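Heads up, the thing below is written out as structure tokens.
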Amino acid sequence: MSILTLSRRARTAASVAALTGALGAAALAGPLSTPASAKPLSTQVFSYADMPDLDQKRTMGLDPAGVNHAGLPGNGEMYCGPTAAVDALGFLAAHGMASMAPGRRDWSRTSNYETGTSNIARMGTLMSTDAAKGTTQGNFEAGLTAWNNQTGRNFGFVSVFGGGDDWRAPNLGIAALSMAAGNPVIVRIGYYRAVVRTVSGRTMAVMERTGGHWVTMTGYGDEGLSFVDPADTTNTFAPSTRAHVVQAVTPVTGVFGYVDGAGAQQLYQGPLDDGRGNVEFPTETFLRMPGYAGGTAYVEGFTAVQPSFKLTAMRGFITIVDAVREQSFKLPITGKVADAQLSPAGDAAYYSLEGRRTVYKVNLATGVSRPLTTARAAVTSLAVATSGDRVYAAAGKSVSAVTNTGTTVATTTLPSQVSAVAYDRQTGNVDAVSPKTGQITVLQPDLETQATVQLPETAIQSATGPITAEIDPVRSTLEITAPGADSVVLSSSAINAVQPAPAEVERPLAVELEPVTQATLSSVRPSGMRGVVRSAPDEAAPIVRRSQTIGTTGVNAQLGG
């Protein structure tokens, strides 16, 4: 008999898993426009129909006609990661970034086959791909970074995986929205088998990871996830015909584990002991593809690759500049922007106006702006979780957590006004800065207070302008900028080590994470589109945000395919 006790946080994750990463069928009734030369696979699937489909299996030596081929180490059997990455970069090169390596080519032509091989081999070298073991997520990201550094630094990437206390199902709706904004998405799949383990004296069923695989996403909709599969070829000497795989996905929640490099069995999250003999086993949620690999395949997360861009928020306008466009979106209400933050995957931006209680969301594919939520007081600061599906807003003394579709998940009230919030992607916590009391309140993802930190008495109390807070992920520091006062840099790890303090937390009766709606995917930026830049009143200090590069941490960096 398998025994499983779900902790409070695990029960919360399980309760929303079925609603995560899904698009409503009713919203998929109409066809969608897609990038130049790409056509939808069907009216029910948002798709990049012209995504390159290079093959990883490439034999070294002579083909039946006596032609010699360079091939790949191990005949490419473990080169799915490098191949999927070259597919994604090849798509960007074909859609407005022709100077980006590997260049704009028809990869289905035999004349380009060896060039494809050399690019995959180069990527594999940068990713430290092992011909027998494959590529870890950490090495996958290091290879993308090295490629970017060597070829012009013209793109970034954001990896979205479970971790810490948040192991909800991958939100493929966010991935689709990122694609709509022109960012190809690479999906990581894990293969699992059911085993029985005894952990902390309990006999229980565990889904154990046996391997992994990378594919390049081409669509998502009512029919499921669609992708090009690097491993679906039988001819290892010539290009195969492009083939889109479409698989239904189903959230599965349970206790998942893996075997580490030393051969020891591990759980993604260890058992929790309350000190009174009660042991709880946190769960994870992945997306199972019943029709792929005999039903053993689960979507674990994804990496969105995006051309580097800059977003500038001014009075009445938001302007975006990247390698293929320079475009301004008019805001629905004229006013000075109080704060603006990007969704890490590059699908949306969120902003508030000075003196107003509304948080707005702008779709970066269409430029359409709409109200997301209304706070209790004027919104002064925003932060967005790495997953892209949670937005945090500071308004007066309150901080609210809202889904990317506008559902309030939680609200907490602090003793004094909050001027700035910052999201810590290492812990999933939110740091709230209160100048009047000189305090930082560390909030957990559900906005329960984890700790309070007292700043030096005069550090930020004399600020003469808007206070901003930002987590530097490289140095793991919280950086507070206070015009007219002292700027403060604090260790993020030290902040999160402070002992908990109580807080008043309000929650709706039903905590739900709504699926991403298809309505925002009404149009997609075509290749080379260059919008008209409208003039805007000069401002002394417009808000500028840049696309980010965010890698994985923890156990997910060690796994791969």
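Data overview
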quantity	calculated
Dipole axis of segment 8-305 (+1 Lys, Arg; -1 Asp, Glu on Cβ), positive-most option in 192, 60, 282	282
Protection-proxy order for peptides 111-117, 422-428, each taking the mean of Cβ atoms within 10 Å per residue, highest first	422-428, 111-117
Summed side-chain charge close to residue 344 - residues other than residue 344 whose Cβ falls under 12 Å, Lys, Arg +1, Asp, Glu -1	+2
Separation in nanometres of the label points that stand 7 Å from Cα toward Cβ, at residue 376 and residue 272	2.6 nm
Using a Förster distance of 60 Å, the FRET efficiency for residue 195-residue 368 (Cβ separation, nearest 0.05)	0.80
Per-pair calculated FRET efficiency, R0 = 56 Å: residue 205 and residue 67 via Cβ, rounded to 0.05	0.65
Separation of alpha-carbon centers, segment 124-160 and segment 331-372, rounded to whole Å	32 Å
Relative packing of peptides 79-86, 377-384, 177-184 - highest average C-beta neighbours within 10 Å first	79-86, 177-184, 377-384
Point-charge dipole on Cβ atoms (K/R +1, D/E -1) for segment 8-305, about Cα centre, debye to 20	200 debye
Modelled FRET efficiency - R0 51 Å, residue 108 with residue 479, Cβ distances, 0.05 increments	0.60
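Rule-based calculations on the coordinates, nothing more; no lab input. All values reported here derive from a predicted model rather than from experimental measurement. In this analysis, Cβ positions are derived from the backbone assuming ideal geometry, glycine residues included, and neighbour counts consider all displayed protein chains.
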